[in-house]
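Worksheet: the structure to be examined is printed underneath.
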Amino acid sequence: FLRYMVLFFLVVLKVFILACGREAPLYSQVTWDTRGYVVYCNGHGRFGNQAEQFLGALEFSRLTDRTFVLQNWVGYSGGKPVFTPFEEFFRSDIVAEYHRVITMEQFMSLLAERHWPPEQRVFHCVSRECTPINGQPSTAYWSHWGIRFPATEVVQLHAPPSSEHAPVLVFAQAPGPFPAPKHLRILQKYLDWTPALIQKGKEAAPIAPFIGVHLRVGTDWAKACDLAEGRSTFMASPQCMKHGETVVRSFCYPEQEDMAIQLRVLIHRTGITHVFVASDLDDREKEIKLKLFLKALGTNTHVMVSRGNSFEVDLVVLGMAEHFVGNCVSSFTSFVKRERDVFGLPSSFWGRGDMLQDGLAHDIPQSNLRPDPGPDTSTDAETRPETHPRPDPNTCPKPSPSLIPSPNPNPKPDFDPEPYHDEL
């Protein structure tokens, strides 16, 4: 009897060990990287700005051969910062195909207490005015993780200290340029939405092939565009401007009637009569402030205005569109454009009728032109075509190694009428 009891105990113990191994294989493999880490606060604007600087921060980590700590995305609710784990939006395993990564949650819970004790935490600056806790969201972010900095140090990004001297480089903002230069935009390939978000995007998209549009028409954006006119660079404007051009209001804050005319031309050329509209307006404002735009499109166009969607779901939907039209200056548009460029999908900008993919003048393929689309009467959900399939990221070429031209981790937006204005 005793022999059977011992055997039974050993079997139960083995099952328990195997079960635990399946539950947490990732955590059991986390060890301290002696080559060092890169940590920062996502404090530059809203998601569009943060995602753009993410590309440079990822490349900076690779060039310095430090593990990239995937930070929380910073949003705002009721004027207060809200922190969303990186993996709620994107797959960390895809980022790891380019360079070593670890989430902030894993870093703080599994490594920091033992290998990065509180008394050894140093905040790094690129200017002599070095303040680790300076307003929101920085104050709330570091407090969220229980991090204090007893010391500060000024460093040069083009010649950062060794990992022996500074095992963890901590910056106020991402060590990446804003806006992202052209050679970094291909790194968008490694920002792959989670399956859950892709499914939400499919459910929120129109029931037929559609054109996705982004309307940046809020009052704060109008003020920004007034001050932007005549500048050589403003926010994400390099994504569509040619050398020597300056920002003009007609593509920063175009009239709704002009946007409707541009969209009608695109509808006529492509024969696609379903349109998905994402906007920076809240749901209460959309019916009133988009009235002119919707009226000018005419009755033969089937328009779905995004209502109740989170911004990330809108981004997923816009990435799935057959064609996308966005705002040249907006970093929200820039995110969609980068994703579509990676997958070879067509995009254009308001007020830039000559500018399509990669900022080059070219027309929609002739095979897509139709002389007169006519009214679209299809309403049967059972006949709904699939939204544009997401190509396999492995089919996209990996970017070649390139140096970052001394990115500034504390960039100042050209104009900031509200602290965080460029989410949409």
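The values are calculated or read from the model by the stated rules, or taken from the named source; none is laboratory data. Quick caveat, the model's predicted, so the values are computed rather than measured. Cβ atoms come from the backbone with ideal geometry, glycine included; neighbour counts cover every protein chain shown. Each accessible area value is taken on the protein alone, full model and side chains, heavy atoms only, with ligands, DNA and RNA left out. Shrake-Rupley method; radii C 1.70, N 1.55, O 1.52, S 1.80 Å.
When the range 180-207 is filtered for residues that are in a loop (DSSP other than H, G, I, E, B) and among the β-branched types (Val, Ile, Thr), the ones remaining, listed by number, are Thr194, Ile207. Contact map, the range 328-356: residues that are assigned to a helix (DSSP H, G or I) paired with residues that are modelled with pLDDT of 90 or more and among the polar types (S, T, N, Q), Cβ distance under 7 Å, separation 6+ or inter-chain. Pairs shown: Ser331/Asn49; Thr333/Asn327; Lys337/Ser347; Arg338/Gln188; Glu339/Gln188; Arg340/Ser347; Val342/Gln188. Right, Phe343: more than 18 Å from Ala236 (Cβ to Cβ), aromatic (Phe, Trp, Tyr) and either surrounded by fewer than 24 Cβ atoms within 10 Å (Cβ to Cβ) or at pLDDT 95 or above (or both) or not? So Phe343 passes the test.
Say whether the condition of being in contact (Cβ under 8 Å) with a residue 24 or more places away in the chain, out of contact with any strand residue (DSSP E or B) (no Cβ under 7 Å at 6 or more places or on another chain) and in a loop (DSSP other than H, G, I, E, B) is met by at least one residue in the range 311-324. No, that holds for no residue. Residues in the range 137-166 that are of a type in the set (Phe, Trp, Tyr) and open to solvent by less than 20 Å² (accessible area, probe 1.4 Å): Tyr141, Trp142. Considering only the range 198-212, how many residues are of a type in the set (Lys, Arg) and under 18 Å from the mean Cα position of the chain (by Cα)? The total comes to 1. In the range 167-179 there is no residue that is in contact (Cβ under 8 Å) with a residue 60 or more places away in the chain, surrounded by fewer than 17 Cβ atoms within 10 Å (Cβ to Cβ) and either under 23 Å from the mean Cα position of the chain (by Cα) or part of a loop (DSSP other than H, G, I, E, B) (or both). For the range 56-75, the set of residues classified as within 10 Å of His99 (Cα to Cα), open to solvent by 10 Å² or more (accessible area, probe 1.4 Å) and assigned to a loop (DSSP other than H, G, I, E, B) consists of Asp65 only. In the set (1) of a type in the set (A, V, I, L, M); (2) over 25 Å from the mean Cα position of the chain (by Cα); (3) not in a loop (DSSP other than H, G, I, E, B), the condition left unmet by Ile102 is number (2). Picking from residues in the range 275-314 that are among the hydroxyl-bearing types (Ser, Thr, Tyr) and open to solvent by 10 Å² or more (accessible area, probe 1.4 Å), the one that is modelled with the lowest pLDDT is Thr299.
Any chance the range 119-126 includes a residue that's open to solvent by 20 Å² or more (accessible area, probe 1.4 Å) and modelled with pLDDT under 85? Within the range 119-126 (the criterion being open to solvent by 20 Å² or more (accessible area, probe 1.4 Å) and modelled with pLDDT under 85), the answer is yes, since at least one residue qualifies.
Filtered by the rule that a residue be open to solvent by less than 20 Å² (accessible area, probe 1.4 Å) and of a type outside the set (Gly, Ala, Ser), the range 39-55 gives Val39, Tyr40, Cys41, Asn42, His44, Phe47, Asn49, Gln50, Glu52, Gln53, Phe54, Leu55.
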